[in-house]
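The values are calculated or read from the model by the stated rules, or taken from the named source; none is laboratory data. In this text, all values refer to a predicted model and were calculated from it rather than measured experimentally. Here Cβ is always computed from backbone atoms with ideal geometry, including for glycine, and neighbour counts include all displayed protein chains. With ligands, DNA and RNA removed, areas are computed over all heavy atoms of the protein, side chains included. Shrake-Rupley method; radii C 1.70, N 1.55, O 1.52, S 1.80 Å.
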Amino acid sequence: TGGGGGGRSAGCGTPTTLMSARTSIDVGGTMREYVLKIPADYDPNKPYKLIFGWHWRGGIANDVVSGQIIGGPYYGLESRAAGSAIFVAPEGIDMGWANTGGRDIAFLKGMLERFNANLCIDQARIFSTGFSYGGMMSDAIGCEMADVFRAIAPMSGAFYRGCNEPNMHPIALWLAHGNNDTTVPLANGQEARDKFLERNGCGTTTTPTDPSPCVSYEGCMDGYPVVYCEFSGGHMPASFGPNAIWSFFNQF
């Protein structure tokens, strides 16, 4: 179950013309860029997970691709996927995701249209993660595109870009935030968490879950868990993030 209700993309069954490379796309007259990473042994008859990794403020797509700062390529998820996922690192305007006039969501929709037409993507397994501004972009996606994305994993994110909700589809959420974050205060991350708790019909009771100090909320709609990880630290990604996020995405 999930985002788009399952199924395979139109790109299944035919060899792809897309390559692992930095590529541009015209979004309403603005040229945007992204880096695409297709598994080396890509099989057009096999539906793949699709994972977007959004960079932080002042970062660039190549920081996500190289992974030197955070956990390895694509927030540490590429190595853990072991060829089971297609990855995308979009390039922000002015090194961020202000989503002015909806431009970044439009960029995302343009990429999805291209990838679905030319790659074999499992429509029930489209995911988003990112740190800081990338976490905010993931939160925005959770608000606006929960009917397309299966789960999001914002790190140190917030609703600074607002929460546009054209539909109230639930979405699985894994969220991490440092308790001493002075850049994006913890309360702002909790505000986003609370919105998704409401959407997923969750209760207020929590159960400890791996890894510590994460907790899972009880009572959520079946298939739409919320895991919240409040760790000791400032504005930084949690060291346990790569393993935990991969495990969270991979359960679906």
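Compute the signed sum of charges (Lys and Arg +1, Asp and Glu -1) over the other residues within less than 11 Å, Cβ to Cβ, of PRO154. Don't skip to the end; give the middle numbers.
Working: positive: ARG193; negative: ASP139.
So the surrounding residues net to 0.
When the accessible area of segment 37-169 is computed with all protein chains present and a 1.4 Å probe, what percentage of it is carbon and sulfur?
Here carbon and sulfur together make up 49 percent of the probe-accessible area.
Just add up the charged neighbours of LEU36: K/R +1, D/E -1, any other residue whose Cβ is under 10 Å from the Cβ of LEU36.
That works out to +3.
What spacing in nm lies between the two simple spin-label points modelled at GLN190 and ALA98, each 7 Å away from Cα in the Cβ direction?
3.1 nm
Identify which of the listed values of volume of the Cα convex hull per residue in Å³ was calculated from the structure shown: (i) 140; (ii) 166; (iii) 110.
The value matching this structure is (iii).
Rounded to the nearest 500, what is the 222 nm mean residue ellipticity of the chain from helices alone, with -39500 (n - 2.57) per DSSP H run of 4+ residues and division by all residues?
Taking each H run of at least 4 residues, the total per residue is -7500 deg cm²/dmol.
Could you compute the FRET efficiency for THR16 and ALA106, with r as their C-beta to C-beta distance and R0 at 30 Å, rounded to 0.05?
Efficiency, from the Cβ-Cβ distance: 0.80.
May I ask what percent, to the nearest 5, of DSSP beta bridges between residues of segment 8-151 are antiparallel?
55 percent
What does the C-alpha gyration tensor say about the overall shape of segment 62-182? Classify as rounded when a/c is under 1.5, otherwise prolate if a/b is larger than b/c, or oblate.
Judged from the Cα gyration tensor, segment 62-182 comes out rounded (a/c under 1.5).
Using a probe radius of 1.4 Å on heavy atoms only, what accessible surface per residue do you get for segment 112-252? Whole Å² is fine. Numbers along the way, then the final one.
On the way: 5100 Å² over 141 residues.
Normalised by residue count, the accessible surface of segment 112-252 is 36 Å².
Around CYS120, what is the net charge, scoring Lys/Arg as +1 and Asp/Glu as -1 over all other residues with Cβ under 14 Å from its Cβ?
+2
By per-residue mean of other Cβ atoms within 10 Å, what is the highest-first order of 112-120, 52-60, 180-188? Could the numbers behind the result be given before it?
Details: 112-120: 18.8, 52-60: 23.4, 180-188: 15.4.
By packing density, highest mean first, the sequence is 52-60, 112-120, 180-188.
Tell me the relative contact order for the chain as a rounded percent, counting alpha carbon contacts under 8 Å between residues six or more apart.
Relative contact order here is 19 percent.
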